[in-house]
Amino acid sequence: QLQLVESGGGLVQAGGSLRLSCVSSGSIFSFNGMGWYRQAPGKQRELVAIITMGGNTNYADSVKGRFTISRDNAKNTVYLQMNSLKSEDTAVYYCNAYIFGNHYWGGGTQVTVSS
């Protein structure tokens, strides 16, 4: 069973930065795509950013220009660099892997942005 483990969350002031990491127990080289989602209290889980096997990326409009997703295949790791953080970015962030029609999820990491 594939395991995804997130890290890097924490408490940061508005305008600050954090970098999230997601380490996969399996090789990410062949994954169709990986992504980051987030869920704020009382809200549905939403897509933040994705990166495909070919390296193409896509972002939610709310984070474009502030967040950057990247991957290091040698380390089986996906990153989410978050800059210019806002209070509305506060949420639990989840790593996702999409492999031949199946979704796999990490346990999440809390990001709290204080205004």
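The values are calculated or read from the model by the stated rules, or taken from the named source; none is laboratory data. The structure presented is a predicted model; accordingly, all values stated were derived computationally and were not measured. Here the Cβ positions follow ideal geometry from the backbone for every residue, glycine too, while neighbour counts run over all protein chains shown. To get the accessible areas, we keep the full protein, side chains included, count just its heavy atoms, and leave off ligands, DNA and RNA. Shrake-Rupley method; radii C 1.70, N 1.55, O 1.52, S 1.80 Å.
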Inset, instruction - Using the Karplus curve 6.51 cos²θ - 1.76 cosθ + 1.60 with θ = phi - 60°, work out ³J(HN,Hα) for each residue of segment 97-114 in order, rounded to whole Hz, and write x for Gly and Pro. - result: 10, 10, 10, 6, x, 10, 9, 10, 10, x, x, x, 9, 7, 10, 10, 10, 8
Inset, instruction - Return a whole-number percent for the relative contact order of segment 1-106, with Cα pairs under 8 Å and 6 or more residues apart as the contact set. - result: 35
Inset, instruction - Provide the per-residue ³J(HN,Hα) series for segment 75-87, in order, calculated from phi with Karplus coefficients 6.51, -1.76, 1.60 and θ = phi - 60°, each as a whole number of Hz, with x at glycine and proline positions. - result: 9, 6, 10, 10, 10, 9, 8, 10, 10, 6, 5, 10, 4
Inset, instruction - Identify which of Ser70, Ser62, Ser21 has the largest mean-square fluctuation in a Gaussian network model of the chain, with springs joining Cα atoms closer than 10 Å. - result: Ser62
Legend entry - segment 78-115 versus segment 12-71: alpha-carbon centroid distance in Å: 6
Inset, instruction - Compare Ile51, Ile99, Ile28 in a GNM of the chain, Cα atoms joined below 10 Å, and give the one with the largest fluctuation. - result: Ile99
Inset, instruction - Quick one: which residues, 5+ away or cross-chain, put their amide H under 5 Å from the amide H of Gly10? H built at 1.01 Å from N. - result: Val111, Thr112
Legend entry - Loop-located trypsin sites (Lys or Arg not before Pro) in segment 1-51, at most 14 other Cβ atoms within 10 Å (DSSP): Lys43
Inset, instruction - Please report, as a whole percent, how much of the solvent-accessible surface of segment 67-114 comes from carbon and sulfur atoms (probe radius 1.4 Å). - result: 47
Legend entry - Per-selection Rg to Rh, the chain - Cα, Kirkwood hydrodynamic radius: 0.95
Legend entry - Mean separation of Cα contacts under 8 Å, 6 or more apart, over the residue count of segment 63-115: relative contact order %: 29
Inset, instruction - Determine the per residue accessible area of segment 54-101 with all protein chains present and a 1.4 angstrom probe, expressed in square angstrom. - result: 49
Inset, instruction - In whole Hz, with x marking every Gly and Pro, tabulate ³J(HN,Hα) for segment 50-63 from phi via Karplus 6.51 cos²θ - 1.76 cosθ + 1.60, θ = phi - 60°. - result: 9, 9, 8, 4, x, x, 6, 10, 8, 10, 5, 4, 5, 10
